[in-house]
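Report on one structure; see the data block that follows.
The values are calculated or read from the model by the stated rules, or taken from the named source; none is laboratory data. Because the structure is predicted, anything quoted here is derived from the model rather than measured. Methodologically, a virtual Cβ is constructed for each residue, glycine included, from the backbone with ideal geometry; neighbour enumeration extends over all protein chains shown.
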C-alpha cells in the first residue's frame with residue numbers, strides 16, 4: 001500500500017539508568033527505542049498520517065524489537081532491509097540535573113544501516129503514491145555508504161514528485177563540521193524544507209547571521225531551499241526550557257508561540273517538531289505547520305522516551321490555549 005510519508009534512517013536501542021543515576025552507578029537500565037527519522041514517522045502516524053520507515057536491521061531479537069516498537073506506534077516497516085550480518089546500535093542516556101547536563105554515550109559503530117549499499121532499496125517502489133520524504137543529517141554521517149544512499153533516496157524522491165525535508169541534526173560524535181558541510185551542501189540541491197538550529201547552521205555551513213532570521217535568509221540565498229525552519233531553545237535549567245521556532249519563506253519570516261516546558265524527556269523533541277511541521281505543510285499552510293510543530297514538540301518534552309505519544313486533538317487543544325488543570 002502507498003504511504004503519505006516515507007522516512008529513512010537508523011534507529012537504536014536506548015538504555016538509561018533510572019532515578020538520575022550515573023552510568024557507573026547503574027544496576028538496571030530502562031530500555032526504549034529511538035532514532036530521528038523513526039521518531040518523526042511515529043509523530044506523523046500519531047497525527048493521522050500513513051507513514052513508513054526505511055532502514056537496514058539485523059535479523060536478531062534486537063532488530064526485531066526495534067521493528068516491533070515501530071509497528072506498535074503505527075509506522076510500517078514493510079520496506080525495511082533485513083540482514084543476518086552486522087549489528088544493531090545502542091546508546092546510553094544519562095539524565096542530568098542542573099548544573100550537570102544530560103549526556104549520551106553511543107555504541108553504534110558498524111551497525112547494519114552503515115553498510116547499506118546503493119541500489120539495495122527500490123526507491124521507485126517505496127515512493128509510489130507517497131507525498132513526502134524526510135531524512136536527517138545523522139544518516140549520511142554514519143558512513144560513506146549511508147551518505148551515498150541518502151543522496152540516492154533524495155534524488156529518487158524528487159524524481160517521483162515528492163516534497164523533501166532534511167533536518168540538519170549535526171552530531172559531533174559522527175563526523176567533523178567540514179565533512180558534514182561538504183556532504184550536506186550536496187544534499188541541499190534536492191531539499192525543499194530544511195529544519196535546523198542556528199548553531200548547526202554555523203557549525204555545518206559556516207553561516208552566521210546577526211540573528212536567527214538572517215541566518216535563515218542566508219541559507220536560502222546560498223542553497224535555494226524553499227523553506228527554512230529554525231527551532232529556538234533557551235535552557236536556563238536542564239529540566240525547564242523555553243521552546244519556539246521561526247520559519248522563512250520567500251523573504252518572509254513567520255513566528256509562533258513560545259512555550260515554557262517542564263521537561264520529562266527532551267530526546268525526540270526536534271523530531272516531533274519535524275512531524276508537526278510536515279503535517280501542516282501536507283495541508284498546505286506554513287503558519288499552521290510552524291504552530292503545529294512547536295506545539296507538538298512542546299508536548300513531546302513531557303513524555304518519556306523518544307516517541308511522541310500524542311494525538312492531533314491534544315495538539316489542537318494546546319493551540320487553543322488549554323490549561324494545566326487535570327483533565328477528567
Taking region 35-53 and the residues there that are free of Cβ contacts under 8 Å to residues at least 60 places away in the same chain and outside any helix (DSSP H, G or I), the one that is surrounded by the most Cβ atoms within 10 Å (Cβ to Cβ) would be 53
Which listed residue is closer than 16 Å to residue 167 by Cβ, in contact with a helix residue (DSSP H, G or I) (Cβ under 7 Å, 6 or more places away or on another chain) and either modelled with pLDDT of 95 or more or surrounded by fewer than 19 Cβ atoms within 10 Å (Cβ to Cβ) (or both), from 227, 253: 227
Give the number of residues within region 188-210 that are surrounded by fewer than 17 Cβ atoms within 10 Å (Cβ to Cβ), in contact with a helix residue (DSSP H, G or I) (Cβ under 8 Å, 6 or more places away or on another chain) and assigned to a loop (DSSP other than H, G, I, E, B). 3
Take region 159-179 and flag every residue that is out of contact with any strand residue (DSSP E or B) (no Cβ under 9 Å at 6 or more places or on another chain) and either part of a loop (DSSP other than H, G, I, E, B) or buried (at least 17 other Cβ atoms within 10 Å of the Cβ) (or both). 161, 172, 175, 176
If we keep only residues of region 54-84 that are exposed (fewer than 15 other Cβ atoms within 10 Å of the Cβ) and either under 19 Å from the mean Cα position of the chain (by Cα) or at pLDDT below 95 (or both), then the residue farthest from residue 262 (Cα to Cα) is 71
When you look at residue 131, is it in contact (Cβ under 8 Å) with a residue 60 or more places away in the chain and in contact with a helix residue (DSSP H, G or I) (Cβ under 8 Å, 6 or more places away or on another chain), yes or no? yes
Just give me the residues in region 73-91 being under 21 Å from residue 31 (Cβ atoms), in contact with a helix residue (DSSP H, G or I) (Cβ under 6 Å, 6 or more places away or on another chain) and in a strand (DSSP E or B), in sequence order. 75
Out of 305, 276, 293, report the one residue that is at positive phi and either in contact with a strand residue (DSSP E or B) (Cβ under 7 Å, 6 or more places away or on another chain) or assigned to a helix (DSSP H, G or I) (or both). 305
Verdict on residue 182 being surrounded by fewer than 21 Cβ atoms within 10 Å (Cβ to Cβ), free of Cβ contacts under 8 Å to residues at least 12 places away in the same chain and either over 25 Å from residue 247 (Cα atoms) or more than 17 Å from the chain's Cα centre (by Cα) (or both): yes
Residues (modelled with pLDDT of 95 or more and surrounded by fewer than 16 Cβ atoms within 10 Å (Cβ to Cβ)) located in region 1-18: 18
Determine if region 127-146 includes at least one residue that is within 20 Å of residue 87 (Cα to Cα), more than 17 Å from the chain's Cα centre (by Cα) and assigned to a helix (DSSP H, G or I). yes
Return the residue satisfying two criteria in turn: it lies in region 92-118 and is part of a helix (DSSP H, G or I) and touching a strand residue (DSSP E or B) at 6+ places or on another chain (Cβ under 6 Å), and of such residues it is nearest to residue 27 (Cα to Cα). 112
